[in-house]
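The values are calculated or read from the model by the stated rules, or taken from the named source; none is laboratory data. Predicted model, so just to flag it, every value in this text is computed and none were measured. Note that each Cβ is placed from the backbone with ideal geometry, even for glycine, and that neighbours are counted across all protein chains shown. SASA here: full protein model, heavy atoms, side chains in, ligands and nucleic acids out. Shrake-Rupley method; radii C 1.70, N 1.55, O 1.52, S 1.80 Å.
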Amino acid sequence: MFSKVINAIVVLVFLGTGCLPAVAGVPEWLSAAARQPAKKYADDVNAVMLLSESETTVKDNGETVTRVRRVIKVLRPDGRDEAYQGVPFSDEMRVNYIKGWSISAQGTAYEAKKDDVYEVSGGAGYEIYSDEKVKVVRVPGVDVGTVLGVEWEQKRNPYTFEDQWYFQRQIPVEHARFILHLPPGWEYRAAWINHPEQQPALQGNTTMWELSDIPRIEKEANMPHWRALAGQLIVTFFSEKTKGRSYTTWKDFGAWYSHLTADVRNPSLALQAKVQELAPATMPLLDRIRALTRFVQKDVRYAAIEIGIGGYLPHPASEVFSNRYGDCKDKATVLSAMLAQIGVKSYYMLINTNRGDVTGKTPPTIGFNHAILAIQLPDSIKAPIPAVYEHPKLGRLLIFDPTSTVVPMGQIPEYEQDNWGLLVSEHSGELIHLPLSKPESNRITRTAHLVLQPDGTIKGEVTEVRTGSQAADGRYRFQHQTETDRKKILEEFLGKMIGAFHLDSVKAENLDDIDKALIIRYQFTADHYAKSAGPLLLVRPRVLGEKLDALDMTKPRLYPYEFDVPTLQTDTFDFSLPEGYKIDELPDAAKASFAFGEYSSKTEDKGRELEYSRAYKITSTRVPAEKINDVSKFFHEINQDERNMAVLKRIN
């Protein structure tokens, strides 16, 4: 991934205190925080952060040293996980030390020893290798009522001068402080996100911001990523001596990255030969582009290697091609070099995979964690392609993610849609809003023929055809599984909707051919699915596919409700009636229509068959919090329909 390297952003949960006397053996700042009067918090708050302090000192050569202090109180048993605190590090961001202490509810002091500090991999888990690491301290003696403190110091030689202060988190923060020491002649620029601007205290070259009683980011169903909601401060610092390493606009940022990557796309002879092999000039140009994109997706494996300035700078295209591995920016680089060999220009695009972390209002920042490519389509290619962004100067740009192995050229991964990315052009850059696909591009078309027996047992043959993001999701779950594991996945799916059942067979088609629809076929038997009531047989027509989402309507909604991606999902279920039965009563048709989505269903008498059909359509990714009642009504209508029963009657 494109490393978030400017600040050691550690996802910690920190907690509030009781009244304790000063304790020998622990720092005074920890004892002082622990002596604060305890405040009242909601019953589901596991911990509270009493103190969050970051202090950054910038030297005249640009080197920065940051000391971080955190004080946490554990309020509930689940808060004991806060005993483990981690700090990411790399060659560019070294951890000079990390320490930890705790004070038990009885006043006993503990200190982390050498064996309590260790390193773990910071990779995502799916790469073939990762050199990203996290230094972890396990603070001893942590239990309910414990106040723990951690302190670490980081030394950085940044290539851009910026600090990101995340003062709001998923637990309450009682007191937060950010201190910045600059050398004489240096200046800073502060930008507040999701929080009103606060004026700092100034003393010489030291600037300090302080905040108190910061509420936690609450947990809500289908909320945006918490970082997209959290308050933060972005501080950029600069001087005449360090021009080119600070930026005031996205154009400046793009120019910096363009300069940084200027020489990494030079091809090797082997790369050029491979391009001729994969995409000869006799092929149509769009097919040549597709052949190269598929090669990088399949044959260049993902590996997070952050050596040197690897967090920013891609490895040379020739090296990535030779090794056949690299991280996201390396894969984008080698593909860009290969496309250039067929006369197709392309541009880096930096993006944050958490939709909402970067928006059109975000000030210039290094807050990206991924790199993709914008491929400039020649005028000769007129075909409509969902993943195209119409640029006023550069023309049609095909947005493509070479890291994804399940999303083909022409489509955009769902987490990148309706998102913002930095388009890095020659000596410039601009933030652009990536396109959102249409519901018809992301389909699940499910058909089932179901044979209903007199005792209520059904035997079903089901076919699911998935396209777009729904196909990508299916491939992600099925592609690298054994037949046994695929069966277990489907059994878990069926088990949510059907009681006693047996999955008789499973078959997946086009799993590896991502340019085609994914087709999943399976057969099952469900004993006594329909319920007998004297001469009647009660049948739920909606056999598969629950759409209902859990919503807590007992308290006001705070944040927008998010759907992953627009989608159109249809079900058609045909029941062959058992001998000796006829249809006696059918549920009413259902219909719900709102700005964000539509739902309809009907159950029909087809003679010796009962047919249930429905359509579920989502047209946007976000519903404002003030419209949550519409979401509730939408799913209420769906829930009612999914539970409805048809009645069959025995023929005398």
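Run down T293, T282 and say which single residue is modelled with pLDDT of 95 or more, out of contact with any Asp or Glu (no Cβ under 8 Å at 6 or more places or on another chain) and open to solvent by less than 10 Å² (accessible area, probe 1.4 Å).
After ruling out the rest, the residue left standing is T293.
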Within region 618-631, restricting to residues that are in a helix (DSSP H, G or I) and either at pLDDT below 95 or in contact with a strand residue (DSSP E or B) (Cβ under 7 Å, 6 or more places away or on another chain) (or both), the one that is surrounded by the fewest Cβ atoms within 10 Å (Cβ to Cβ) is D630
When region 541-576 is checked residue by residue, the ones that are hydrophobic (A, V, I, L, M, F, W, C) and either under 30 Å from P215 (Cβ atoms) or open to solvent by less than 20 Å² (accessible area, probe 1.4 Å) (or both) are V543, L544, L548, A550, L551, M553, L558, F563, V565, F573, F575
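Matching residues to (1) on the phi < 0 side of the Ramachandran plot; (2) part of a loop (DSSP other than H, G, I, E, B); (3) touching a strand residue (DSSP E or B) at 6+ places or on another chain (Cβ under 9 Å):
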residue: I179; (1), (2), (3): yes, no, yes
residue: H195; (1), (2), (3): yes, yes, yes
residue: E210; (1), (2), (3): yes, no, yes
residue: L233; (1), (2), (3): yes, no, yes
residue: T236; (1), (2), (3): yes, no, yes
residue: Y247; (1), (2), (3): yes, yes, yes
residue: D287; (1), (2), (3): yes, no, no
Picking from E430, E461, the residue that is in a strand (DSSP E or B) and in contact with a His (Cβ under 8 Å, 6 or more places away or on another chain) would be E461
In region 486-506, anything within 14 Å of Y522 (Cα to Cα) and open to solvent by 50 Å² or more (accessible area, probe 1.4 Å) is listed as K487, K488, E491, E492, F493, F501, H502, D504
Q.
One residue is enough: does region 588-603 have a residue meeting the conditions under 33 Å from the mean Cα position of the chain (by Cα), assigned to a loop (DSSP other than H, G, I, E, B) and over 21 Å from L452 (Cβ atoms)?
A. yes
In the set P196, P224, P158, the lone residue that is within 29 Å of G360 (Cβ to Cβ) and without any contact (Cβ under 8 Å) to a residue 24 or more places away in the chain is P196
Tell me, please, whether a residue that is farther than 30 Å from S620 by Cα, in contact (Cβ under 8 Å) with a residue 60 or more places away in the chain and assigned to a loop (DSSP other than H, G, I, E, B) can be found in region 465-487. no
Sole miss for L538 among (1) open to solvent by 50 Å² or more (accessible area, probe 1.4 Å); (2) touching an Asp or Glu at 6+ places or on another chain (Cβ under 9 Å); (3) closer than 20 Å to P587 by Cβ; (4) hydrophobic (A, V, I, L, M, F, W, C) is condition (2)
The strands (runs of 3 or more DSSP E) lying entirely within region 492-562 that contain at least 3 residues which are of a type in the set (V, I, T) and without any contact (Cβ under 8 Å) to a residue 12 or more places away in the chain are none
The residue from T447, T362, T403 that alone is under 28 Å from Q164 (Cα atoms), β-branched (V, I, T) and surrounded by fewer than 20 Cβ atoms within 10 Å (Cβ to Cβ) is T362
Here the qualifying pairs (Cβ atoms under 6 Å; residues six or more apart or on different chains; first in region 336-361 and closer than 19 Å to S268 by Cβ; second modelled with pLDDT of 95 or more and open to solvent by 50 Å² or more (accessible area, probe 1.4 Å)) come out as S336/R265; A337/R265; A337/P267; Q341/Q272
query = Does D252 qualify as being within 17 Å of D401 (Cα to Cα), part of a helix (DSSP H, G or I) and acidic (D, E)?
reply = no
Checked region 507-535 for anything touching an Asp or Glu at 6+ places or on another chain (Cβ under 7 Å) and surrounded by 18 or more Cβ atoms within 10 Å (Cβ to Cβ); matches are I520, F524
Boolean, P402 is touching a residue at least 60 places away in the same chain (Cβ under 8 Å) and touching a Leu at 6+ places or on another chain (Cβ under 9 Å)
yes
Per the filter on region 497-519, residues under 18 Å from A472 (Cα atoms), touching a Phe, Trp or Tyr at 6+ places or on another chain (Cβ under 7 Å) and small (G, A, S) are A508
Taking region 33-61 and the residues there that are open to solvent by less than 70 Å² (accessible area, probe 1.4 Å) and touching a Gly at 6+ places or on another chain (Cβ under 6 Å), the one that is modelled with the lowest pLDDT would be A38
Quick count over region 327-353, residues being more than 21 Å from the chain's Cα centre (by Cα) and either part of a loop (DSSP other than H, G, I, E, B) or farther than 19 Å from I432 by Cβ (or both), is 12
Among residues of region 298-328 being open to solvent by less than 10 Å² (accessible area, probe 1.4 Å) and at pLDDT 95 or above, the residue nearest to V407 (Cα to Cα) is V300
Flagged in region 325-365 as closer than 26 Å to R288 by Cβ and among the polar types (S, T, N, Q), in numbering order, are T333, S336, Q341, S346
